[in-house]
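The values are calculated or read from the model by the stated rules, or taken from the named source; none is laboratory data. Bear in mind the structure is a predicted one, so any value in this text is a computation, not a measurement. Reconstructed Cβ throughout: ideal geometry from the backbone, glycine too, with neighbour counts over all protein chains shown.
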Amino acid sequence: MSQDNTRQTRAVRAAVHSDTQHGAVMPPLYLTSNFAFEGLGKAGAYDYTRTANPTRDALANALTELEGGAGATVTASGMAAIHLACQLLNPGDLVVGPRDCYGGTFRLLTQCAQRGLFRVELIDQADVAALDAVIAQEPRLLWVESPTNPLMRVIDLAALSQRAKTAGALMAVDNTFLSPALQRPLALGADLVVHSTTKYLNGHSDMVGGAVIAGTPELAEQLAYWGNAVGLTGSPFDAFLTLRGIRTLYARMRQHEENALALAELLAGHPAVTRVHYPGLPSHPDHALAKRQQSGFGGMLSFELTSGEAGVRALLEAIELYTLAESLGGVESLICHPASMSHATFDAASLAAAGIGAGLLRISVGIESTDDLVRDLARGLDAAG
């Protein structure tokens, strides 16, 4: 059996038939804030849910196994996961991130830098000269998105991890867009993997959560300490929902990708579109790299309209099957205008540097009928003309 098949099986079987008290097939949900001590000075395996909870541990164990890590801390949101990773930094440490990163990441990193918690440089991480310049400054952390949000640029993780190790830096990879079903950054040299579990891992847009998976026991221990100390850990109920979602992760990702490729091909051939950002297209500049380091191309894409913001408005008024909303990774198709929604925290200069224009739209492609999604988007593109 291949490793991918083994992981798929383990995703479905995560914590199944683990209940030793009553033999429940599905693991129980422990909705308790605290646990009884066995006696004075005799705490059991659990004492307080902020510190540890059996349901949250079941999810952490599943994520650790799927990502091939040494331990995971489950957090209250994806942003909490990013904030947790930042607890490994000290004042004066340098963080190097992508200039076209997620808007929430941009806000957190830049605001923390303004407060003097650490320093930040946002660059094109595929630009060798820019990377050489920041590596010479001995950064503490390389923060990576691959693919990036929203322009779907793919970064050579193995090559970048070598640069990080040479500089004595940690490398953290936001793997939210692909999930461990399609990419495993730790196997490519990353030290940390971060997820907004709200997205593909849960897959149903009915909870908010995050996770950081560590590549070594030492990092896992530090993250667990800070998760408890700062109070960033997630709720048992959200962990329960995410664990349920993981059981269908591989099946869902196959349908997301099938639909995304069909839409990308439609977009690539439509006169209303100037550019399509989807690494699954052979015409994408990072297609070969994505094919080499990923197990698939995922369900996220973005595209630019010739008619700019006016075309965006016309398209949004014409479509029916794409909900205008933030977030991504659910079974339902969502459409987002990054400049005014997910990346609204960027100032005009940062938007321009990142390449995010008023005519850019991002789609989280759901698992609806392929034909229906293609037909509806075609109608919107014709209206945007």
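What residue, of Thr197, Thr216, is closer than 21 Å to Asn149 by Cβ and among the hydroxyl-bearing types (Ser, Thr, Tyr)?
Working: Thr216 fails: closer than 21 Å to Asn149 by Cβ.
Going through Thr197, Thr216 in turn, just one is closer than 21 Å to Asn149 by Cβ and among the hydroxyl-bearing types (Ser, Thr, Tyr): Thr197.
For segment 134-154, enumerate the residues that are closer than 26 Å to Leu281 by Cβ, among the aliphatic types (A, V, I, L, M) and in contact with a helix residue (DSSP H, G or I) (Cβ under 8 Å, 6 or more places away or on another chain).
Taking segment 134-154 first, the residues closer than 26 Å to Leu281 by Cβ are 144-154.
Keeping just the survivors that are among the aliphatic types (A, V, I, L, M) gives 144, 151-152, 154.
Of everything in segment 134-154, those that are closer than 26 Å to Leu281 by Cβ, among the aliphatic types (A, V, I, L, M) and in contact with a helix residue (DSSP H, G or I) (Cβ under 8 Å, 6 or more places away or on another chain) turn out to be Val144, Leu151, Val154.
Restricted to segment 247-296, and to residues that are acidic (Asp, Glu) and over 18 Å from the mean Cα position of the chain (by Cα), which residue is nearest to Asp156 (Cα to Cα)?
Of all residues in segment 247-296, those acidic (Asp, Glu) come to 257-258, 265, 286.
If we keep only those that are over 18 Å from the mean Cα position of the chain (by Cα) as well, we get 258, 265, 286.
Numbers: Glu258: 24, Glu265: 25, Asp286: 9 Å.
In this case the residue turns out to be Asp286.
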Quick one: what pairs do we get from segment 367-385, first residue in contact (Cβ under 8 Å) with a residue 24 or more places away in the chain, second exposed (fewer than 14 other Cβ atoms within 10 Å of the Cβ), C-beta under 6 Å, 6+ apart or different chains? Asp376/Glu320
Does segment 155-163 include one or more residues that are part of a helix (DSSP H, G or I) and in contact with a Pro (Cβ under 8 Å, 6 or more places away or on another chain)? yes
All conditions in (1) assigned to a loop (DSSP other than H, G, I, E, B); (2) buried (at least 19 other Cβ atoms within 10 Å of the Cβ) are true of Glu320 except (2)
So which residues in segment 7-54 are under 30 Å from Gly296 (Cα atoms) and either small (Gly, Ala, Ser) or not assigned by TED's automatic domain parsing to the domain that holds Leu223 (or both)? Ala11, Ala14, Ala15
Taking segment 221-234 and keeping residues closer than 14 Å to Ala81 by Cβ, over 17 Å from the mean Cα position of the chain (by Cα) and small (Gly, Ala, Ser) leaves Ala224, Gly227, Gly231
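May I ask you to list the residues in segment 10-30 that are surrounded by 11 or more Cβ atoms within 10 Å (Cβ to Cβ) and either on the phi > 0 side of the Ramachandran plot or over 22 Å from the mean Cα position of the chain (by Cα) (or both)? Outline the logic, then answer.
Residues of segment 10-30 surrounded by 11 or more Cβ atoms within 10 Å (Cβ to Cβ): 10-19, 24, 26-30.
Those that are surrounded by 11 or more Cβ atoms within 10 Å (Cβ to Cβ) and either on the phi > 0 side of the Ramachandran plot or over 22 Å from the mean Cα position of the chain (by Cα) (or both): Arg13, Ala15, Val16, His17, Ser18, Asp19, Ala24, Met26, Pro27, Pro28, Leu29, Tyr30.
Tell me the residue from Phe346, Phe303 that is modelled with pLDDT of 95 or more and closer than 22 Å to Pro98 by Cβ, please.
Details: Phe346 fails: modelled with pLDDT of 95 or more.
Just one listed residue meets the conditions, Phe303.
Quick one: which residue in Leu324, Leu328, Leu281 is free of Cβ contacts under 8 Å to residues at least 24 places away in the same chain and either within 17 Å of Leu182 (Cβ to Cβ) or among the aromatic types (Phe, Trp, Tyr) (or both)?
Working: Leu324 fails: either within 17 Å of Leu182 (Cβ to Cβ) or among the aromatic types (Phe, Trp, Tyr) (or both); Leu328 fails: free of Cβ contacts under 8 Å to residues at least 24 places away in the same chain.
Selected residue: Leu281, the only one of Leu324, Leu328, Leu281 that is free of Cβ contacts under 8 Å to residues at least 24 places away in the same chain and either within 17 Å of Leu182 (Cβ to Cβ) or among the aromatic types (Phe, Trp, Tyr) (or both).
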